[in-house]
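Report on the following structure.
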Amino acid sequence: MYELHRGTAPLLVSLPHDGSEIPPALAARMVERARIAPDTDWHVSRLYEVARGLGASILRPRYSRYVVDLNRPPDDVSLYPGQNTTGLCPAVQFTGEPVYLDGQAPDAEEIALRVDKYWRPYHDALQDELYRIHERHGRAVLWEGHTIKGSDLSFLFEGRLPDLNLGTSAGASCSPALQARLEGVLAAQQEFDWVSNGRFKGGYITRHYAAPDDKIDAVQLEMSQRLYMDEASFDYDEDKAPRAQAVIARLLQAAIG
């Protein structure tokens, strides 16, 4: 269900939307476009390979968010009340178009089964690794790495998303000192625009596992895919990606402290 690389630093990088696999029987119930899992955080694990060199642990799933969204609560309560979202077992794509053929969306019983089969193993591994790191170092930083198409997604947001979107649950998921260091890194670079706690403030994982008073900080970075890939073809751009990776590396170094 997932792949875990255990590192030596007080940093765990979680990539919950890296997976793109969809079981064949489930794909057969989906519309043609959804079968290629277009809303994947494409190549995000490749971007975050820089984390290995910093000693970070890295957790990444096998299956697509269309199977179950690992960054949603198991009861599917909305993280952004009043705004469009795609849910625990998404029935709509980021474009607002359906994921499933008519009458083929999962019911409550199937969703519960998917939570047990796909969602819980990832979260068990995340929690165990986070607590292992905390026990070893006396502190831990959980870094949520995400990417998304940065424009033409009016179902989710209007206009153009900033290049880099830092989320700390409006300052509740990490210490003020850590947030200041990260914002300092973003302010120091001139290549990409950025925002802190804008449209994306951090999903379920960032909010649920954060415990700053116990020295467990959690941060989410939502990066526009235009920074490192072709958004139409999903192809990785070898020329653009290193610049995005360099900023990620500086942010992770600041997170480690």
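Highest GNM mean-square fluctuation among Leu164, Leu156, Leu113, for the chain modelled with Cα contacts below 10 Å: Leu113. Extension gain, Ala177 to Glu231: 0.36 nm times the residue separation minus the Cα-Cα distance gives 16.0 nm. Between Gln189 and Gln104, the contour length at 0.36 nm per residue exceeds the Cα-Cα span by 25.9 nm. Taking every protein chain into account, the 1.4 Å probe leaves Thr8 with about 90 Å² of accessible area, to the nearest ten. What the Cβ-Cβ distance of Arg62 and Lys215 gives, at R0 = 41 Å and to the nearest 0.05, is a FRET efficiency of 0.85. If you run the Gaussian network model on the chain, springs between alpha carbon atoms under 10 Å, then out of Gly171, Gly103, Gly87 the most flexible one is Gly103. Rounding to the nearest 10 and keeping the result within 0 to 90°, find how far the Cα-based axis of helix 176-188 lies from the longest principal axis of the chain. Computed tilt is about 80 degrees. Cα axis of helix 120-137 to longest principal axis of the chain: angle in degrees, 0 to 90, nearest 10? For 120-137 against the chain, the angle is about 0 degrees.
Here the calculated FRET efficiency for Thr95 and Ala170, from their Cβ-Cβ distance with R0 = 35 Å, stands at 0.80, rounded to the nearest 0.05.
Computed over all pairs of different Cα atoms, the Kirkwood value for the hydrodynamic radius of region 1-95 is 14.5 Å.
Antiparallel beta bridges, as assigned by DSSP with both residues in region 2-256, represent about 40 percent of the total such bridges. Taking 0.692 mPa s as the viscosity and 37 °C as the temperature, the Stokes-Einstein diffusion coefficient of the chain based on its alpha-carbon Kirkwood radius rounds to 178 µm²/s.
Distance from the alpha carbon centroid of region 190-257 to that of region 64-101 works out to 21 angstrom.
Here each label is just a point 7 Å from Cα along the line to Cβ, and for Asp152 and Thr8 those points are 4.6 nm apart.
Loop-located chymotrypsin sites (Phe, Trp or Tyr not before Pro) across region 130-191 with a Cβ neighbour count of 10 or fewer within 10 Å are lacking, with loop assigned by DSSP. Average accessible surface for the chain: 43 Å² per residue, computed with a 1.4 Å probe over protein heavy atoms with every protein chain in place.
What is the angle, in °, between the Cα long axis of helix 241-256 and the longest principal axis of the Cα atoms in the chain? Nearest 10 is fine, range 0 to 90. Compared with the principal axis, the helix lies near 60 degrees. Model label sites at Tyr80 and Ala249, defined 7 Å from Cα along the beta-carbon direction, differ in position by 3.1 nm. For the chain, the relative contact order works out to 23 percent when only alpha carbon pairs closer than 8 Å and six or more residues apart are counted. Over all projection directions, the Cα-based convex hull of region 165-209 averages an area of 3.1 nm². Overall, the accessible surface of the chain at a probe of 1.4 angstrom is composed of carbon and sulfur to the extent of 49 percent.
Which of rounded, prolate, oblate describes region 70-116, given a ≥ b ≥ c as roots of the alpha-carbon gyration tensor eigenvalues and a/c under 1.5 marking rounded, otherwise prolate only if a/b is larger than b/c? It is oblate, given that a/c is not under 1.5 and a/b is not larger than b/c. Calculate, in nm to one decimal, what Asp239 and Arg29 gain on full extension: separation in residues at 0.36 nm each, minus their alpha carbon distance. Length gained between Asp239 and Arg29: 71.8 nm.
The values are calculated or read from the model by the stated rules, or taken from the named source; none is laboratory data. Treat the numbers as computed from the prediction; the structure is a model and nothing was measured. Methodologically, a virtual Cβ is constructed for each residue, glycine included, from the backbone with ideal geometry; neighbour enumeration extends over all protein chains shown. Side chains included, ligands, DNA and RNA excluded: accessible areas come from the protein's heavy atoms. Shrake-Rupley method; radii C 1.70, N 1.55, O 1.52, S 1.80 Å.
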